[in-house]
1. Looking only at strands (runs of 3 or more DSSP E) that lie completely in segment 1-118, which have at least 3 residues being closer than 30 Å to residue 248 by Cα and either away from ligand 1 (no atom under 13 Å from the Cβ) or among the hydrophobic types (A, V, I, L, M, F, W, C) (or both)?
2. Identify, please: which residue in segment 314-326 is charged (D, E, K, R) and touching a residue at least 24 places away in the same chain (Cβ under 8 Å) and is, among those, surrounded by the most Cβ atoms within 10 Å (Cβ to Cβ)?
3. Exactly one condition in (1) touching a Pro at 6+ places or on another chain (Cβ under 9 Å); (2) assigned to a helix (DSSP H, G or I) is false for residue 131; which is it?
4. Do the conditions hold for residue 79, that is, is it out of contact with any helix residue (DSSP H, G or I) (no Cβ under 9 Å at 6 or more places or on another chain), within 14 Å of ligand 2 (Cβ to nearest atom), touching a residue at least 60 places away in the same chain (Cβ under 8 Å) and assigned by TED's automatic domain parsing to the domain that holds residue 12?
5. Pick from 283, 327: which is outside the structural domain of residue 83 (by TED's automatic domain parsing) and in a helix (DSSP H, G or I)?
6. If residue 290 meets every condition in (1) part of a helix (DSSP H, G or I); (2) without any contact (Cβ under 8 Å) to a residue 12 or more places away in the chain apart from one, which number is that one?
7. Select from segment 146-165 the residues that are over 13 Å from residue 95 (Cβ atoms) and touching a strand residue (DSSP E or B) at 6+ places or on another chain (Cβ under 6 Å) and write down the one among them that is modelled with the highest pLDDT.
8. Please verify whether residue 84 is assigned by TED's automatic domain parsing to the domain that holds residue 328 and either closer than 29 Å to residue 220 by Cα or within 12 Å of ligand 2 (Cβ to nearest atom) (or both), treating the condition exactly as stated.
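The values are calculated or read from the model by the stated rules, or taken from the named source; none is laboratory data. In this text the structure is predicted, and so the values were computed from the model without any measurement. Quick reminder, even Gly has a Cβ in these numbers, built from the backbone with ideal geometry, and neighbours come from all protein chains shown.
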Amino acid sequence: MRILSGIQSSGRLHLGNYFGAIRQFIELQHEGEALFFIANLHALNTVRDAELARELTREVAVAFLALGLDPTQAVLFRQSDIPEVTELYWVLGTVVPVAHLERAHSYKDKIARGIAPDFGLFAYPVLMAADILAYAADVVPVGKDQIQHIEFARDWATKFNVQYVKGYDPQDPAGLEKGHAKGILKLPAARLQERTAVIPGIDGQKMSKSYGNTIELFGDEKEIKKRIMGIKTDSTPVEAPKPTENSPLYELLRIMAPPSEFAEIDRSWRSGGKGYGEYKKKLLEYFHATFDPARRRREELLRDPGELDRILEEGARRAREIATGVLDAVRVAVGLK
Ligand code: ADP
Ligand code: TRP
C-alpha cells in the first residue's frame, strides 16, 4: 500500500495542521510505503517572497522530522524537485472540465472572501491531482477540507484512463476481470481522521492561518501562552456547569489531554466548580507536554542544515523513481513519446 500526502509551506504550522494532518501522516509511516512532500509549488499562490518561500519550505520539512517522521521509513521531499509532477499537471489539465474547477470549495471560499483569483488558485486542484496520480498513491490521508480534491483526482484519473487506455472499464479500474485493462492512472482513496476532523481556533472558528486564530506548534512561548489564555469563552460563572457545545476550549482539551485525564476534565466541566482560567492553564500544560520534545529535536535539526539537505535529496531521488515510471506510461499513451 502506498500512502502519500503533502502539506503546503505557506505559513507556520499550527495545532490544526498537526492534529488534522501531520499526526496522521506520521502514524501511517509504518503501515505501508509512505511518501510525504512539502507542497512548495502550491505555496507560491500565497507566498510571494523568495526568501520566505525557502524558509517556510525548510520549516515544514524540519517540523515533519521533529514531530516523528523517520526518513529511513518514509520518503520526505519537496514537490518542486519532481518535474514529472508539473508535466502530468499539464497533461491532466487537458481532460479537466472547467466546471469542476469552478465548483471547487477551496476556490469558491477564497473568492467569497474577496481574494482576486489567479490562474494558480483556479488550477490548484489539478496540480494536487497530479501530485497524487504521479506516484500511483493508494491512500491519501487528508483533512476534511481536502476530500473534494481527492474526488477530483479520482474523476480525472478515470477520464484519462477512459480516453487513453483501450479496454479500460471504469467499473473495474484495476482491470481484474477478463478483457479489461488496468488504468494507467491509479484511483486514490482519501483517508479522513474523523475524531479530530476540524480543530477550532481560539475564536471558535476553524483554526486557520488566514483567520489569525491559530496556536503555532513552534511559536514563541510567550505568544502561545497569550493565545491559550485568550481562547474565547462565555460568561458562565465558575460554580455553574459549562456548555460543551461551541466551546473551543473544551474541544482543544479533548484533543490535547491524555484520555485518562480528560475523563476528569469532562466530569468537572459538566458539573461546575472550576473557572475557565483553570482549564486554560491545564491546556497550556498539555501543550508543553505534547510539543516540548519536538521543539528540542527541531532546534537540533536547525543547527545542522546539511543533514536536512541530504534527507530531502534522498527523498527526491526515491520519489522521482516512482513518478518517472508513471510518466513514461502517460507519455506513450498520449503520444508525447
Ligand atoms: P490553513 O487553514 O491554516 O491555511 P492549510 O490549508 O495549509 O492550513 O492546511 C494544511 C493541512 O492541515 C490540511 O491537510 C488541512 O486539512 C489541515 N488543517 C488545517 N487547519 C485545520 C483545522 N483547523 N482542523 C483540521 N485540519 C486542519
Ligand atoms: N492541498 C493540500 C493542503 O492544503 C496540500 C496538498 C498538495 C496535498 N498536494 C497534495 C495533500 C496531494 C495531499 C495530496 O493541505
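1. Fully inside segment 1-118 and qualifying: 33-39.
2. 320
3. Going through the list (1) touching a Pro at 6+ places or on another chain (Cβ under 9 Å); (2) assigned to a helix (DSSP H, G or I), residue 131 breaks only (1).
4. no
5. When all the criteria are applied, what remains is 283.
6. So residue 290 meets the others, but not (2).
7. If we take residues in segment 146-165 being over 13 Å from residue 95 (Cβ atoms) and touching a strand residue (DSSP E or B) at 6+ places or on another chain (Cβ under 6 Å), then 150 is modelled with the highest pLDDT.
8. no
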